[in-house]
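K.L.:
Sharing a structure below in structure tokens format, with a few things to ask.
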Amino acid sequence: MIRARIIGTGSYVPEKVLTNADLEKMVETSDEWITARTGIRERHIAADKEYTSDLATKAAQNALDMAGVKAEEIDYLVVGTITGDYPWPATACIVQSNLGAVNAGAVDVSAACSGFVYALAAASDRIQAGHAKKALVIGAETLSRIIDWEDRNTCILFGDGAGAVVLEAQEGEAGILSTHLHADGTQLELLYQPGFATRILPSIEALKERPNFLYMQGNEVFKVAVRSLTEVANIALKANQMKVEDIDLFIPHQANIRILEATAKRLKLRSEQVYINVDRFGNTSGATIPLALDEVNRAGKLKAGDILLLDAFGGGFTWAAAMVRW
Ligand code: COA
């Protein structure tokens, strides 16, 4: 059976680090509050002229280098992002140009924090259908650009970064085993960016309402996130006739330590099974999962045959999982 196998991973985060102590000087908050409620200690923030496409390009180049694959060999390039450089065209087209991936179709996927898993599913399906041999899947964000830095409810949570994987069509048992995508648009205003697109057009009048920032009702989102992450993880296990004990590494979207712990508890995962790096990067939306995957991979912690469950939740709402045999 042909599967999409991950043959290289890469990541990149901007140099600038914003600590909880830095945030104490910007809004009324404290390191203790942020650490206790979110588990986040620091996050990386893009430099003035550093854009989502720049982070994505660096992460992708690292993944290509690890895979030993040239950019021209890529025939499909997908970026999961909600903070693209422009409303359109796709940030994937900028990355395609930066890398010289001249033979690749390039497109963005907008599924908020589930963007990487949605993008992975699109690329995996294309490979399994025989329409692509090698694909680049990237999650990249500069959330710092849509954060209201005067709003302590949100500005403490998010960071910038990018992660990428190279997929290759391979015969065998290793690779993406299954992907599971879900959405519910009925409550989109619990987590969204109202403007500026075509519903709210930019004007001096419109700007007064500050629609260009991310809005969130944190405690409502919290409940839906735990429920959805648990549900889709169970769906992925069932589809593969696996039990929780079969998972070698659970890589959840790194939103918040309390969401991760509550999900892990519901799934009855042991703490050694769960990968956590939210303390160092915060919530980088579509980038959290590939960033974490690259960290474990480069640390040499993955061995052939390991079962990984990637589990995402984000605005939309969207939620998604991918079962992977390494
Ligand atoms: N520092 C200090 N106090 C803060 C604060 C901050 N940074 N942010 C909020 N508070 C205050 C609130 O104003 C509120 O004060 P009040 O009781 O006087 O009104 C109090 O802390 C409790 O607020 P609440 O929103 O109920 O806290 P919470 O326990 O729900 O924690 C979140 C807030 C945002 C950390 C939590 O809801 C959460 O993690 N939600 C999920 C967010 C998320 O991950 N979204 C992305 C999903 S992809």
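K.L.:
Among helices (runs of 4 or more DSSP H) lying entirely in the stretch 1-115, which contain 2 or more residues that are within 19 Å of the chain's Cα centre (by Cα) and either under 19 Å from GLY161 (Cα atoms) or among the hydroxyl-bearing types (Ser, Thr, Tyr) (or both)? Walk me through how you get there before you give the answer.
P.N.:
Details: elements: 20-24, 31-38, 52-67, 91-99.
The helices (runs of 4 or more DSSP H) meeting that bar are 52-67, 91-99.
K.L.:
Can I ask one more? Looking at (1) touching a residue at least 60 places away in the same chain (Cβ under 8 Å); (2) within 16 Å of the ligand (Cβ to nearest atom); (3) out of contact with any Leu (no Cβ under 7 Å at 6 or more places or on another chain), which is the only condition ALA174 fails?
P.N.:
It fails just one condition, (2).
K.L.:
If you don't mind, there's one more thing I want to ask. Considering only the stretch 159-209, how many residues are within 26 Å of ASP54 (Cβ to Cβ) and surrounded by fewer than 15 Cβ atoms within 10 Å (Cβ to Cβ)?
P.N.:
Summing the residues that are within 26 Å of ASP54 (Cβ to Cβ) and surrounded by fewer than 15 Cβ atoms within 10 Å (Cβ to Cβ) in the stretch 159-209 gives 2.
K.L.:
Another question about this same structure. Of the residues ASP65, ASP85, ASP108, ASP75, which is within 23 Å of PRO252 (Cα to Cα) and touching a residue at least 12 places away in the same chain (Cβ under 8 Å)?
P.N.:
ASP108
K.L.:
Taking only the stretch 116-134 into account, find how many residues are of a type in the set (S, T, N, Q) and under 21 Å from the mean Cα position of the chain (by Cα). Walk me through it before giving the result.
P.N.:
Let us first name the residues in the stretch 116-134 that are of a type in the set (S, T, N, Q), namely 124, 128.
The next check asks that each one be under 21 Å from the mean Cα position of the chain (by Cα); those that pass are 124.
The number of residues fulfilling the criteria is 1.
K.L.:
Moving on to the next point. Exactly one condition in (1) more than 20 Å from MET66 (Cβ to Cβ); (2) within 15 Å of the ligand (Cβ to nearest atom); (3) of a type in the set (Ser, Thr, Tyr) is false for THR288; which is it?
P.N.:
Only one criterion is unmet by THR288, namely (1).
K.L.:
While we're looking at this one, here's another question. Condition first: over 30 Å from ALA104 (Cα atoms), within 16 Å of the ligand (Cβ to nearest atom), touching a helix residue (DSSP H, G or I) at 6+ places or on another chain (Cβ under 9 Å) and not assigned by TED's automatic domain parsing to the domain that holds ARG298. Can you find one or more residues in the stretch 73-84 that meet it?
P.N.:
no
K.L.:
On the basis of being more than 14 Å from the ligand (Cβ to nearest atom) and within 19 Å of the chain's Cα centre (by Cα), does LEU260 make the cut?
P.N.:
no
K.L.:
May I ask you to list pairs of residues, at least six apart or on different chains, whose Cβ atoms are under 7 Å apart, with the first in the stretch 179-201 being in contact (Cβ under 8 Å) with a residue 24 or more places away in the chain and more than 27 Å from ALA123 (Cα to Cα) and the second being among the charged types (D, E, K, R) and within 16 Å of the ligand (Cβ to nearest atom)?
P.N.:
Listed by first residue and then by second, the contacts come to LEU190/GLU220.
K.L.:
Could you please tell me which pairs satisfy a Cβ distance under 6 Å, a separation of 6+ or placement on different chains, a first residue in the stretch 218-238 that is free of Cβ contacts under 8 Å to residues at least 40 places away in the same chain and in a helix (DSSP H, G or I), and a second residue that is near the ligand (Cβ under 9 Å from one of its atoms) and not small (Gly, Ala, Ser)?
P.N.:
VAL221/LEU191
K.L.:
So, one more: If we keep just the residues of the stretch 198-208 that are of a type outside the set (D, E, K, R) and assigned to a loop (DSSP other than H, G, I, E, B), which is nearest to the ligand (Cβ to nearest atom)?
P.N.:
That would be ILE200.
K.L.:
Taking the stretch 141-157, which residues are surrounded by 17 or more Cβ atoms within 10 Å (Cβ to Cβ) and near the ligand (Cβ under 8 Å from one of its atoms)?
P.N.:
Selection gives THR154, CYS155, ILE156, LEU157.
K.L.:
Determine whether GLU28 is within 16 Å of the ligand (Cβ to nearest atom) and touching a residue at least 24 places away in the same chain (Cβ under 8 Å). I'd like the intermediate steps shown before the answer.
P.N.:
Working: within 16 Å of the ligand (Cβ to nearest atom): yes; touching a residue at least 24 places away in the same chain (Cβ under 8 Å): yes.
Yes: the conditions hold for GLU28.
The values are calculated or read from the model by the stated rules, or taken from the named source; none is laboratory data. Please read all numbers here as calculations on a predicted model, not as lab measurements. Cβ atoms come from the backbone with ideal geometry, glycine included; neighbour counts cover every protein chain shown.
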